[in-house]
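Notes follow the structure.
Laboratory data are not the source of any read-out in this text; all were calculated from the coordinates shown. Predicted, not measured: the structure shown is a model, and the values here were computed from it. Note that each Cβ is placed from the backbone with ideal geometry, even for glycine, and that neighbours are counted across all protein chains shown.
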Amino acid sequence: MGVIMKILVAEDDMVSNKLLVANLKKWGHEVVSVLNGKDAHSKYLEGTDFDIAILDWMMPDMEGVEVCKRIKEHNAHSFAYVIILTAKTQTEDIVKALDCGADDYITKPFVAAELRARVMAGERIVTLERSLRKSIVELEQALSEVKTLQGILPVCAWCKRVRDDSDYWHTVEEYISNHSEAEISHSICPTCLAERYPDDDKEEETASSKATVTTS
């Protein structure tokens, strides 16, 4: 058995509707069925996250391609794989259905084996889409947790402490550690070394001079 899908079936012909529902349930899917396009659209707007919608093209109140178009316009909150069920077999009709956002189509009268194959194709696309959306959410969460330094930093001109948004003053080390992923290590720059340890510089210069005299 594949992944269990939540499937919306919209077919005004009672016989075809029952056959669709019976087959889909036999394959382990959850099915909600309606008899016209208006009810199909209403079911979707109720907030039910259908994975797949199988829509008959010619239905009362609202055609399947129009329902498909409206479903795709609301794909911002959920994704539905739409299969159009139709007796139309002309190329221009198929193109029209795909232009309205349909992901696939089945010609009537449908064959159970073909229906199952196309639903399984929909399963794969829906599963991939779910995985993609999950990855996007995880990425957005990760990005929101990344600590960054940005904007203007208020730094004391004398002690070099940094003021945060709560009006507290921190050492530069504390501020950087709290607002970035950087690790602090300490060293001494040449200027500070010369100012704080002038005798060491003179000893190094003397040693260097002696080394020069010895080697000449």
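Using the structure shown, select from Lys43/Lys88; Lys38/Lys72; Lys25/Lys134; Lys43/Lys96; Lys43/Lys108; Lys72/Lys108 the pairs with a Cα to Cα distance greater than 20 angstrom. Beyond 20 Å: Lys43/Lys88; Lys25/Lys134; Lys43/Lys96; Lys43/Lys108; Lys72/Lys108. For the stretch 79-112, the set of chymotrypsin sites (Phe, Trp or Tyr not before Pro) satisfying both a DSSP loop assignment and a count of at most 14 other C-beta atoms within 10 Å is empty.
In plain terms, the chain from Val137 to Thr91 could stretch by 12.6 nm, reckoned as 0.36 nm per residue minus the Cα-Cα distance. Sparsely packed loop sites in the stretch 44-106 (the GluC sites (Glu not before Pro) outside DSSP H, G, I, E and B with at most 10 other Cβ atoms within 10 Å) comprise Glu46. The label point for Ala121 and the one for Leu19, both projected 7 Å from the Cα toward the Cβ, are 2.0 nm apart.
Summing Cβ point charges (Lys, Arg +1; Asp, Glu -1) relative to the Cα centre of the stretch 1-119 gives a dipole of roughly 340 debye.
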